[in-house]
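Report on the structure given below.
Bear in mind that the values in this text are calculations on the coordinates, not laboratory data. If you're wondering where the values come from, they're calculated on a predicted model, not measured in any experiment. Every residue, glycine as well, gets a Cβ built from its backbone with ideal geometry; the counts of neighbours run over all protein chains shown.
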Amino acid sequence: MLCPCCGEPKDDRLTFCPCGAKAIGEPQTDTIAEIPKLGPAMIALTFTLGGAACYFSKFFIVLSIVGMILGFRTWQRSRNFPARYGGQKMALASGVVSLVLVGTIVTMIGFDVPKWLRGRNERQLASTRVRMLEISIALQQYKEKHSALPAQLDDLRKEGFLTGPTLDYWESRLRYVPTGQLAAVGDGIKGRPMVPAFTQYNLVSAGPDGTLGTKDDIIIDNHVFVPSVAARKPADE
């Protein structure tokens, strides 16, 4: 071995060196004991603890998934190479806890999806009803001015009673049907043509399915929402 004082080779059997240095103990062997690594297990535990925040925000489920993968992978390594990887129980606990967290959050999301879909459908229906009410108000204002309803919805825009397209949430055009022809406007003598005077109307949205005459139709009959004809029919008809 080399003398730690002068760096010259020295016989291991001698307890002194020609430079005057003396050995004070047994020479160090070349065998180095390897300490098992705890870093991977600690990292898995850290991700597991961070993933516990997914109870407050589901976005933290990513940390739980990473903690689960790292935990089980480190546990497998510690079983196969116990001299190199330690923290076997810690890694297993991290993987199991993360697995439970992920399962719990996935179950909660599964229950929330139908609720979210129902809420989304209600928002779509509400948006369409609001637009239909705006048109209904414009029709009432037109009727107060002309003592009759317009023959088509474009007449409302021409006179400034309505702005924007006459579409529902699903980009389908609203069907406007004026009814209740009571009389005629115009004298026919002074050059003004005789046109029918409508006093009632139906305003219909085809609903989410985009097909008129089905149960999901949204109907206003003279400023009042009414069920669709298909929805009012008995099931056996």
Dividing the surface of the Cα convex hull of region 116-155 by four yields a projected area in nm² of 3.0 nm²
Counting other beta carbons within 10 Å of each Cβ, put Ile35, Ile220 in order, fewest first.
Ile35, Ile220
Return the long-range amide H neighbours of Leu149 (sequence gap of 5 or more, or a different chain), with a cut-off of under 5 Å between placed amide H atoms.
Phe198, Thr199
Any trypsin sites (Lys or Arg not before Pro) in region 71-120 that lie in a DSSP loop and have at most 13 other Cβ atoms within 10 Å would be Arg84
If r is the Cβ-Cβ distance from Gln200 to Asn121 and R0 is 22 Å, what FRET efficiency results, to the nearest 0.05?
0.15
Footprinting proxy, Phe81, Phe198: sorted fewest to most Cβ within 10 Å, the residues are Phe81, Phe198
What's the percent breakdown of Cα-Cα distances in region 75-139 across 10 Å bins, shortest bin first?
18, 19, 16, 14, 12, 10, 7, 4, 0
Mind listing the phi-derived Karplus ³J(HN,Hα) values for region 144-161, rounded to whole Hz, using 6.51, -1.76 and 1.60 with θ = phi - 60°, and x for any glycine or proline?
5, 7, 10, 6, 7, 7, x, 6, 8, 5, 4, 5, 5, 5, 4, 9, x, 7
According to the Cα gyration tensor, what semi-axes, each the square root of 5 times an eigenvalue, does the equivalent ellipsoid of region 36-186 have, listed from largest to smallest in whole Å?
68, 12, 10
Among Trp116, Ser98, Asn80, the residue whose Cα sits farthest towards the positive end of the charge dipole of region 76-122, when +1 is placed on the Cβ of each Lys and Arg and -1 on the Cβ of each Asp and Glu, is Asn80
Order of Cys6, Cys17 under a 10 Å beta carbon neighbour criterion, fewest first
Cys6, Cys17
Difference of contour (0.36 nm per residue) and Cα-Cα distance, Thr179 to Ala52:
39.5 nm
